[in-house]
1. Return one number: the angle in degrees, 0 to 90 and rounded to the nearest 10, between the long axis of the Cα atoms of helix B:66-94 and the longest principal axis of the Cα atoms of chain B.
2. Where in the stretch A:17-66 are there trypsin sites (Lys or Arg not before Pro) that are in a DSSP coil and have at most 16 other Cβ atoms within 10 angstrom of their Cβ?
3. How many percent of all Cα-Cα pairs in chain B sit more than 28 Å apart?
4. By per-residue mean of other Cβ atoms within 10 Å, what is the highest-first order of B:33-46, A:84-97?
5. Using Cα springs under 10 Å in a Gaussian network model of chain A, which residue among A:Thr296, A:Thr63, A:Thr265 shows the largest mean-square fluctuation?
6. What fraction of the DSSP beta bridges in chain A is antiparallel, stated in percent and rounded to the nearest 5?
7. Roughly how many Å is it from the Cα centre of the stretch A:27-81 to that of the stretch A:241-298, as a whole number?
8. Mind checking the angle between helix B:107-140 and chain B's longest principal axis? C-alpha axes, 0 to 90 degrees, to the nearest 10.
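Any read-out appearing in this document is the output of simple, stated calculations on the displayed coordinates, not a laboratory observation. Bear in mind the structure is a predicted one, so any value in this text is a computation, not a measurement. All Cβ positions, even for glycine, are placed from backbone atoms using ideal geometry, and neighbour counts span all protein chains on display.
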Amino acid sequence: MISTRNLTKTYPEVEAVKSVTLNVREGEVYGFLGPNGAGKSTTMAMLLGLVKPTSGELSLFGTSLENNYFAIKNATGVVGENPYFFDEMTAWEFLSFHADIFMIESKENRINELMENVGLRQYANIRPSEYSRGMRQKLSFVRALLHKPDLLMLDEPVSGLDPHGIRQIRGLIEEQKKSGTTIFISSHILSEIERTADRIAIMHKGKLLVEDNLDGLRYSVDQSVRVNVEVANVPETLSGVLSDIPHIVDHNIDGQHIEIRLDATSDYRAELSSAITASGATIIGMETRKASLEETFMTFTDDNVIGLSKGEVQ
Amino acid sequence: MSDTSKLYKQIQTALTIHRRDFRITIFGPVLYIVTTISIAIGIVIIRNYLNYIESNGLYPMPDLFSFPFRWVIILTSVYLAFSVVVAIARERESGAMELLFYGPVDNVSYVLGKYSAQLTVYCSLIILYLICFFILSNIAGVQIPGSFYMMMLLSLVTGAYLISVGVFVSTMSRNVRSATLVFLTLIASTLLIQASQAWLSNIAPESDYYNPVLLLQQLLGWIQVVLTWLSPFSYLNYGVSEMLRGNMSAFLRVVGLSFVFCITFVFSSIIGLKIRGVRQ
């Protein structure tokens, strides 16, 4: 659906995007992550044809913007980070104008249907400047969905929203995902990407470090399984017992809580449980914990991880 | 996926932008203030002529309506060009231009939409002014000469030229402030140089040797030569003069050159916007 090869953007002072190669598959939700200044917005602007790449290739729907500008734009819906509106127009007039731009037939029905879906129907004749941030973001979504796009590009769609607003926008994204729309989301809010994205790309300092599903990302930064064990009657010898178990990579005892990193090659929890019980401790609880996207993201974007920032993972 | 009817889509998009901008301009109060001031200036000048005729029994000029109409054109076209400068620069600054380019809007449809909207407003105003001048001629009991209709043609290309300059300046500018500054500097310096040159040419130099007045006269004379080829106001003045002299070939040459410049600036705006991009 979206494909770039060695996409590069250089400004006089800085190389904003360095040879980015990414692929977004049809029907998937693609999370595009990166810290501030990573080059996400510039990459997105290039994909939208707003910024001309210095070098490299990009294609949307298997074709280039130069050759099929109108066809691509007619099949793409965009929600920008800052919802822009025209001061002189009410929400309905704003949507009507955009429906005309997209040459939508029976625009009234489409606008009313979408406004109803997001709960803005009764506010249709109010200017967006009088809307709350959440309402404006929902209106931006309605504008982006007017022409039933096959590709939805979202830049920080839940930024600045309250939990209720985030939930509504998440609902809209999930609805679009169910209908088969390909969704490209650029965001700082990692929990949202973790919930919705099928695959994730992480950018850092203009480079695409990695592109994979969440499990793949976790595995590439940490090949161990984390197990949290809660115990009673902790004997002094427990630390030594755990150190003797060959499949334990690392452990940390904090009072009654033990955090253990196990070799991920097999499930060693039964062996672990037996060893702890044999030491005289009583197991109260045990849970396996996967690294969160935030932890994975921090590992990837940490400057100390020199190998990763040089792009060796990719 | 293919663009089978690119031109059709560009035209449709330009028409949508045109309708929106036309509506914004005609519903803005400033347009009516400028129109009223323009007509008022026209009335004052014609009234002065009539007083002169009453006192002396002579026409001060071969055509009673051309000079006041020239001022009406200058005021209206400068205002419309300035409003398009602000409109485009503001859209870029606020991000609204980027919003439009998320959809099927390209540099061609955007520039043509903006430009044609202002031009339509200008043409509508020219018709309004024509009606006003007809009423004035009836009140004054002086028939509008045939040359006045020729001037209508000249006024259309002059306005179109000036608005195209406005579109060009704004598509190339970073924000409202710089666009406004560049446009107003261009207009003010053009008018100022023309006025200064006319004023200085009336001062006789006291010496043939080193003389600041002579130097200034020469310098402004050279600039005036350049302006004669570039300034829409020069084309207007020159066109009116040739029309009143009855030199139709020179008049048509002025109309043609204004039209060529107008097309050049619109085309440059399209290319400029593509190079400059939609972001601030």
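1. Computed tilt is about 20 degrees.
2. Taking the stretch A:17-66 and a limit of 16 other Cβ atoms within 10 Å, the loop trypsin sites (Lys or Arg not before Pro) found are A:Arg25.
3. 44 percent
4. For the peptides B:33-46, A:84-97, the packing ranking is A:84-97, B:33-46.
5. Result: A:Thr265 has the largest fluctuation of those listed.
6. 70 percent
7. Using only Cα atoms, the two centres lie 44 Å from each other.
8. 30 degrees
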